[in-house]
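So the structure is just underneath, and the comments pick up after that.
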Amino acid sequence: MRPCLANESGGVSDTVDSQKESRRMSRRKKAKVEYREMEEKYSQLLDEEDVSDTSEKSKAGGTATPESVLTPVPEPIKKEILLPPEQPSANATTIAVNANAVTAEKYEEVEPDSEQDDPTGLEGAAFQSRLPFDKMIAPEAAAFPDVAQGPPQTLKVFLYIRNRLLQLWLDNPKQQLLFENALPQVEPPYNSDGPLVMRVHGFLERHGFINFGIFKRLKSLPAKKQGKVIVIGAGIAGLAAAQQMQQFGMEVVVLEARDRVGGRIATFRKSNYIADLGAMVVTGLGGNPVTVLSKQINMELHKIRQKCPLYESNGNTVPKDKDEMVEREFNRLLEATSYLSHQLDFNYAGGRPVSLGQALEWVIKLQEKNVKEKQVQHWKAVIALQERLQTNQHRMLALREKIEELSKQYKEQCESKGPRDVTQEFVFRSKLRDLNNSCREWDQLSEQQKEIEDKLQELEASPPSDVYLSSRDRQILDWHFANLEFANATPLTNLSLKHWDQDDDFEFTGSHLTGRINQTDS
């Protein structure tokens, strides 16, 4: 089975431009965290603050503001907290839904190393933590109203402290990041406000941005537990939640109905062989917390083999041109469903939401109908040419009889002996003129006949396809559908046409990998 990681979108009809031909490549979009409501609210607060600052300055006649009494920012550090240029999305050309276009992605023989495009430094720390580098998110604004409503310089200080703490944690995720150890590593003048650094550290720890996973604690947990919690389900989410609450000093009990933990993360073992039944692929490390976990447990990650041929039932590989042709059509079908949903707003039928599976089958039927219509147009064109040829031949037949009659009369005039009077000469020359005109008309009809016959031969030599997809093509297309179902962990009939790929903006960047644990730290 090929590794697949779902998503992308588009339109099939000729009126819809094809989006990406390179869907076989694992080009994941940069993880992007957007809080539109927060941005609007925050922009409004900044505007109000600017207005109030201006009015206060004019009234006070130059009285010092909170911003003016802050310690000046050294130039090297100031450069680091400047707003970064916007990074273009790796999938920016995808249509409407590729806003997750998760399409089922096959891996091409040539794959760009997208990790090189990920940001580094403080910006990289925020990116890896799934946070915007240059702005607050809604929970931060709620926890730090003094910063959110304060002057822009206060916000810059907050963002630097937050990003620096994230960087310190990511540099050494095997050891607990304590406030006492972090404060000296925050560069001046940002470490001058110890209480703010402590608040930011507590916020990041409380929300699981730092000190999560499997790491060495430097400060022991209190002997007295601070509450009891029952976690239902020992899947990865339940285990992670239980681990985190244990780190917070709570007494945790995990309940699991099955005789094993892991949930959908499962491994099949038989003799000396093992096979992962779920969660065997790490879908990129950019912005992925699995990056931290892999470092904590010394997990060796390997890029998934890029060459993944398809095999037919007879054991032969599917020809490359056939494979690429069907895959292009698969992507066009997804693009068509996206066009229906996001451009035509066709998301309900009979008062019920349309599924992706329904839309795909409907588009396929429309394509089959289009093939039959092209067949009808083809045979209509053939019939029209045949009728023209028949009319042309009837004219040539009548003209031939006329030419034979004129030729006979002309020969009789030529064979007559004796001088011809004026009337006879006129008749003689008239016959010759009519004969010449008829011969020229015959030549024109002959050329028309050849032209019509050539067009007929061309149409008959390249008839349109009898079917939209042959049984062999449909079998390959069904593999892509099954691959998409595998990537989404559900049949296509259960996926919403409008929302099935809504998580594209939050996908991780980088190559897809699989791992092997060499050693686990205690």
Going by C-beta contacts inside 10 Å, put His201, His512, His302 in order with the fewest on the left. His302, His512, His201
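To the nearest 20 debye, what charge dipole does the range 273-326 have about its Cα centre, counting +1 at the Cβ of each Lys and Arg and -1 at the Cβ of each Asp and Glu? All intermediate terms of the calculation are to be shown ahead of the outcome.
Numbers: 6 positive and 6 negative charges, 41 e Å.
For this selection, approximately 200 debye.
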Given pairs Lys303/Lys365; Lys135/Lys225; Lys374/Lys450; Lys135/Lys219; Lys135/Lys224 and cut-off 30 Å on Cα-Cα distance, the over-length ones are Lys303/Lys365; Lys135/Lys225; Lys135/Lys219; Lys135/Lys224
At what distance in nm do the modelled label points of Glu458 and Ser446 sit from each other, each positioned 7 Å from its Cα along Cα→Cβ? 2.3 nm
If each part is reduced to its alpha-carbon centroid, the range 405-422 and the range 433-464 end up apart, in Å, by 33 Å
Which order results if Asp443, Asp434 are arranged by neighbouring Cβ count within 10 Å, fewest first? Asp443, Asp434
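With a cap of 14 neighbouring Cβ atoms within 10 Å, and only residues DSSP puts in a loop, list the trypsin sites (Lys or Arg not before Pro) found in the range 209-258. Intermediate values should be presented prior to the final figure.
Values: sites: Lys216, Arg217, Lys219, Lys224, Lys225, Lys228, Arg258; in loops: Arg217, Lys219, Lys224, Lys225, Arg258.
Qualifying residues, ordered by number: Arg217, Lys219, Lys224, Lys225, Arg258.
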Amide H of Ile297 versus every other amide H placed in the peptide plane: which residues, excluding those fewer than 5 positions away on the same chain, fall under 5 Å? none
Karplus 3J(HN,Hα) series, Hz, for the range 246-262 with 6.51 cos²θ - 1.76 cosθ + 1.60 (x for Gly, Pro): 5, 5, 7, x, 9, 8, 10, 10, 10, 9, 9, 6, 8, 8, 8, 9, x
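Using the beta-carbon distance between Arg388 and Asp421 and R0 = 35 Å, what value does 1/(1 + (r/R0)^6) give for FRET efficiency, to the nearest 0.05? Mind showing how you got there, number by number?
Details: r = 46 Å, r/R0 = 1.32.
Here the calculated transfer efficiency is 0.15.
Fewest to most neighbouring Cβ within 10 Å: what's the order for Asp504, Asp146? If you can, show how the numbers build up before the last one.
Numbers: Asp504 23, Asp146 10.
Ascending Cβ contact count within 10 Å gives the list Asp146, Asp504.
FYI, it's all coordinate maths here, none of it is from the lab. Since we're looking at a predicted model, the values are computed, not measured. Using ideal geometry, Cβ is built from the backbone for each residue, glycine included, and neighbour counts are taken over all protein chains shown.
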